[in-house]
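Okay, structure first, notes after.
The values are calculated or read from the model by the stated rules, or taken from the named source; none is laboratory data. On a predicted model such as this, the values are computed, not experimentally measured, just so you know. In this analysis, Cβ positions are derived from the backbone assuming ideal geometry, glycine residues included, and neighbour counts consider all displayed protein chains. What goes into the accessible areas is simple: the full protein's heavy atoms, side chains included, and nothing from ligands, DNA or RNA. Shrake-Rupley method; radii C 1.70, N 1.55, O 1.52, S 1.80 Å.
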Amino acid sequence: MDSLTQIVLGAACGEAVLGRKIGNKALLFGAIGGTIPDLDVFIGRLFYTNEIDVMLFHRGFMHSILFSVLAAFLLGWLVHKFYDTGKRLESTTRKDWILLFFLALFTHPILDCFTPYGTQLFAPFSNYRVAFNTIAVADPLYTLPFLICIIVLMCYKRQSDKRRFWLKCGIGISSVYMMLTVFNKIYIDNVFQQSLAEKGISYDRFSVQPSILNNILWYGIAETEANYHIAFYSLFDTADTFSEWKTLPKERALTSETYQDIKDLAWFSNGYYSVEKLDKNDYIYKDLRYPLVKNKEDYVSVFNLKLFKIDNRLDMRPFEPQIDDFSDTMSTLWERLKGL
């Protein structure tokens, strides 16, 4: 999920392990631990110069179970060595620090697994991307109550039982909301299947996920031999069926047989993609896993990658969301979220 959410979750892990011993400093170290996996965005640039490789490196090994274990032991040992000195001698144990960093590191990819982006939880043994598609990458209803609880508990002394109360509230509220998103996903899957049947669409597979910043408006995509069929459904819609159907042809201006980079990007997109030619050397790759958004004229794909040929490979230009007017798009999203 987004960086703020991971910081909040990591801080909660720090408080749970060392809050009573070191107070608010536990929140800080937990927040640092919760941020570390996402540093692969920067570390990838140390290994690769190709932007496609850099993007694919994200949510790889540094988001795996193995990394969580190895990094927890290393960071726990290092921090304990430097922290446990002077007046702080024997105030904490190495075990405390290892557990703090393990929880902060491990909960990060586990939380990411619930988003559509996908996480290589079992790297380097498998590149399978775990993606439950139950919650958007950023969802204020998950993050804000959790953040408020963490801020409130900071106001109490480290031995106060009220710190534990607010910690339990933050974890409890966010966990209940996450479970709600799972139930929503199960329900929406059924609605989309019924909607496809009503439309007479024979499909090979389908996927549904929430639209950005909420868990009310959902996006569905079904794949056939030649097309993708997409539609939307809000929990506030009067009819239990997806609407605003659009059919997108499977554009393959570049193929995975010709370019390994297309094969890698297709893996990244779980096969839901199109590649269109812009000019002689430039192409646009559309990741159709992510919900389309409505601009002033029509629905458009947001996660577009501008590719170009270089030597015997493809590379991509810096990613820029294809939204003409952000405020207008958000207003349109809000209106659709309220239901038809």
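Ligands, DNA and RNA aside, Lys199 has an accessible area near 110 Å² when probed at 1.4 Å. With R₀ fixed at 35 Å, the C-beta to C-beta distance from Thr224 to Ile110 puts the FRET efficiency at about 0.55. Spatial offset of region 9-30 relative to region 63-111 amounts to 11 Å, using the alpha carbon center of each. Here the Gaussian network model covers the chain, with springs between Cα atoms less than 10 Å apart; of Tyr273, Tyr128, Tyr142, Tyr128 fluctuates the most.
Could you please put His63, His80 in sequence from largest to smallest accessible area, using a 1.4 Å probe?
His80, His63
Scaled to the compact-protein estimate 2.2 N^0.38 Å, what is the alpha-carbon radius of gyration of region 1-130, rounded to two decimal places?
Working: Rg = 15.3 Å, N = 130, 2.2 N^0.38 = 14.0 Å.
For region 1-130, the normalised Cα radius of gyration is 1.09.
Distance from the C-alpha centroid of region 285-304 to that of region 170-214: 19 Å, rounded to the whole angstrom.
Mean projection of the alpha-carbon convex hull of region 237-340 over all orientations, in nm²?
Numbers: hull surface 31.3 nm².
For region 237-340, averaging the hull's shadow over all directions gives 7.8 nm².
One decimal place: the segment Leu46-Leu340 gains 101.0 nm when fully extended, by the rule 0.36 nm per residue minus the C-alpha distance.
Ordered from largest to smallest accessible area (heavy atoms of protein chains, 1.4 Å probe), the residues Asp84, Asp311 come out as Asp311, Asp84. Inter-label distance, Lys199 to Asn127: 3.1 nm, where each label sits 7 Å from its Cα along the C-beta direction.
Calculated mean residue ellipticity, 222 nm, the chain: -15500 deg cm²/dmol, from DSSP H runs (n ≥ 4) at -39500 (n - 2.57) each, averaged per residue and rounded to 500.
Counting only DSSP beta bridges with both residues in the chain, tell me the antiparallel percent, nearest 5.
Numbers: 35 of 36 bridges.
Beta bridges within the chain, antiparallel portion: roughly 95 percent.
Cβ-Cβ distance of Ile186 and Glu90, R₀ of 51 Å, FRET efficiency by 1/(1 + (r/R0)^6): the value works out to about 0.55. Hey, any idea what the orientation-averaged projected area of the convex hull of region 99-143's Cα atoms comes to, in nm²? The directionally averaged projection comes out at 3.7 nm². The loop-placed GluC sites (Glu not before Pro) in region 217-259, going by DSSP, that have at most 12 neighbouring Cβ atoms within 10 Å of their Cβ come out as Glu225, Glu257. Going by accessible surface with a 1.4 Å probe and the largest first, Ile310, Ile188, Ile43, Ile36 read Ile310, Ile43, Ile36, Ile188. Just need log10 I(q)/I(0) for region 28-93 at q = 0.12, 0.14, 0.28 Å⁻¹, Debye formula, equal scatterers on the alpha-carbon atoms, no solvent, rounded to two decimals. One equal scatterer on each Cα of region 28-93 leads to -0.42, -0.54, -1.17.
If you take the beta carbon distance between Lys25 and Asp161 as r and set R0 to 22 Å, what does 1/(1 + (r/R0)^6) give as a FRET efficiency, to the nearest 0.05?
Details: r = 19 Å, r/R0 = 0.88.
Approximately 0.70, to the nearest 0.05.
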